[in-house]
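Comments concern the structure below.
The values are calculated or read from the model by the stated rules, or taken from the named source; none is laboratory data. None of these values were measured; they are calculated from a predicted model. Cβ placement follows ideal geometry from the backbone for every residue including glycine, while neighbour counts extend to all protein chains displayed.
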Amino acid sequence: MSFIFLYVTASSQKEAKNIAKIMINQKLAACANIFPISSMYEWKGKIRDEKEWALIMKTTQNKSILAKKEIEKIHSYKVPCITEISVNPILKYGEWIEKQL
């Protein structure tokens, strides 16, 4: 089984928790870590320095395509940061992720 961490940024803690809850309820993610971050980027010709919230959601390769589509559908940003990172968890944790999905 291939495991994925989905890294997503959100505009607020409320939005981040909403995304996590939807992903977990729909069995597209086993769990999520949510934490505040400081982000700097260019948008519409201006450098932005913003407070955001990041999510790391644990899922499988099989679920990641559906998860990314759902996140994009419910996200408030026009161009959301939705990325995936392949990971190799310890056996027990990988088994736990699979059981949640």
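Some values worked out for this structure:
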quantity: Subset of segment 41-81 (residues that are at pLDDT 95 or above, assigned to a strand (DSSP E or B) and more than 10 Å from the chain's Cα centre (by Cα)); calculated: K46, I47, D49, K51, E52, W53, T60
quantity: Pairs, first more than 26 Å from G94 (Cβ to Cβ) in segment 5-21, second surrounded by fewer than 20 Cβ atoms within 10 Å (Cβ to Cβ) and of a type in the set (V, I, T), C-beta under 8 Å, six or more apart; calculated: Q13/I34; N18/I74
quantity: Meets criteria (touching a helix residue (DSSP H, G or I) at 6+ places or on another chain (Cβ under 7 Å), acidic (D, E), within 19 Å of K27 (Cα to Cα) and touching a residue at least 60 places away in the same chain (Cβ under 8 Å)) for E98; calculated: no
quantity: Residue in segment 25-35 that is over 18 Å from M1 (Cβ atoms) and either modelled with pLDDT under 95 or of a type in the set (D, E, K, R) (or both) present; calculated: no
quantity: Extreme residue, surrounded by the most Cβ atoms within 10 Å (Cβ to Cβ), among residues of segment 14-40 that are more than 18 Å from S64 (Cβ to Cβ) and more than 13 Å from the chain's Cα centre (by Cα); calculated: S39
quantity: Segment 42-61: number of residues that are in contact (Cβ under 8 Å) with a residue 24 or more places away in the chain and more than 23 Å from Q13 (Cα to Cα); calculated: 2
quantity: Looking only at segment 57-69, and only at residues there that are surrounded by 14 or more Cβ atoms within 10 Å (Cβ to Cβ) and touching a Ser or Thr at 6+ places or on another chain (Cβ under 7 Å), the one that is nearest to I97 (Cα to Cα); calculated: T60
quantity: Of all residues making up segment 77-94, the number that are surrounded by 12 or more Cβ atoms within 10 Å (Cβ to Cβ) and free of Cβ contacts under 8 Å to residues at least 12 places away in the same chain; calculated: 1
quantity: Residue count for segment 46-56, restricted to those that are farther than 15 Å from P36 by Cα and either surrounded by 12 or more Cβ atoms within 10 Å (Cβ to Cβ) or among the β-branched types (V, I, T) (or both); calculated: 1
